[in-house]
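The values are calculated or read from the model by the stated rules, or taken from the named source; none is laboratory data. None of the values given here were measured: they were computed from a predicted structure. No Cβ is skipped: glycine too gets one built from the backbone with ideal geometry, and neighbour counts run over all protein chains shown.
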Amino acid sequence: MEQKKKQHPHDPREDLIGDNDLWKELLKRFWKLNKQVYYNFHGLRCGGSHLKLIDGNLEFSFGDTFENDKILNEIKKKYLDPHKDIIQIVMKKLAKDLSSDRVTLFDEEKVPF
């Protein structure tokens, strides 16, 4: 049987339990707005980065793969800083939507579309 190919962004690190739904929603929004930012965050997630919703704010943290300060600074300068405006807007909007129940996070494997 042929495996069904995903037609939309997904969490590339479903093995990192706890923030999968946040990543699915964030990546979906970046996919719709800016493919380069989507690919940048997809790569960061592959490296083990995490998201947390704390007191109405969406907080991003680098994974253990990015322990070296020099590498972190290069990543920020090359992949995040040029897009900081759209990153901040999307993350603030997602946090607001989640805090006000405007977004229902779901397990896309259980949704029949």
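Within region 73-85, residues that are within 15 Å of LEU33 (Cα to Cα) and in contact (Cβ under 8 Å) with a residue 40 or more places away in the chain have Cβ atoms under 6 Å from residues that are surrounded by 13 or more Cβ atoms within 10 Å (Cβ to Cβ) and not charged (D, E, K, R) in these pairs: HIS83/VAL37, counting only partners at least 6 apart in sequence or on another chain.
It is to be established whether one or more residues within region 3-21 are at positive phi, modelled with pLDDT under 95 and either in a loop (DSSP other than H, G, I, E, B) or exposed (fewer than 12 other Cβ atoms within 10 Å of the Cβ) (or both).
Here is the first cut: in region 3-21, the ones at positive phi are 18.
From what's left, modelled with pLDDT under 95: 18.
Imposing the further condition that a residue be either in a loop (DSSP other than H, G, I, E, B) or exposed (fewer than 12 other Cβ atoms within 10 Å of the Cβ) (or both) reduces the set to 18.
Checked against the condition, which is being at positive phi, modelled with pLDDT under 95 and either in a loop (DSSP other than H, G, I, E, B) or exposed (fewer than 12 other Cβ atoms within 10 Å of the Cβ) (or both), region 3-21 yields at least one hit.
When the residues of region 72-106 are filtered to those that are loosely packed, with under 10 Cβ neighbours inside 10 Å and acidic (Asp, Glu), the one that is modelled with the highest pLDDT is ASP85.
Suppose the filter is surrounded by 15 or more Cβ atoms within 10 Å (Cβ to Cβ), out of contact with any helix residue (DSSP H, G or I) (no Cβ under 7 Å at 6 or more places or on another chain) and at pLDDT below 95; does LEU53 pass it?
Criteria not met by LEU53.
When GLY47, GLY63 are checked against the criterion of being of a type in the set (Gly, Ala, Ser) and at pLDDT 90 or above, GLY47 stands alone in meeting it.
Condition check ((1) within 10 Å of the chain's Cα centre (by Cα); (2) over 16 Å from LEU16 (Cα atoms); (3) part of a strand (DSSP E or B); (4) not hydrophobic (A, V, I, L, M, F, W, C)) across all residues:
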{"position": "HIS42", "(1), (2), (3), (4)": "yes, no, no, yes"}
{"position": "GLY48", "(1), (2), (3), (4)": "no, no, no, yes"}
{"position": "THR65", "(1), (2), (3), (4)": "no, no, no, yes"}
{"position": "ASN73", "(1), (2), (3), (4)": "no, yes, no, yes"}
{"position": "ILE86", "(1), (2), (3), (4)": "no, yes, no, no"}
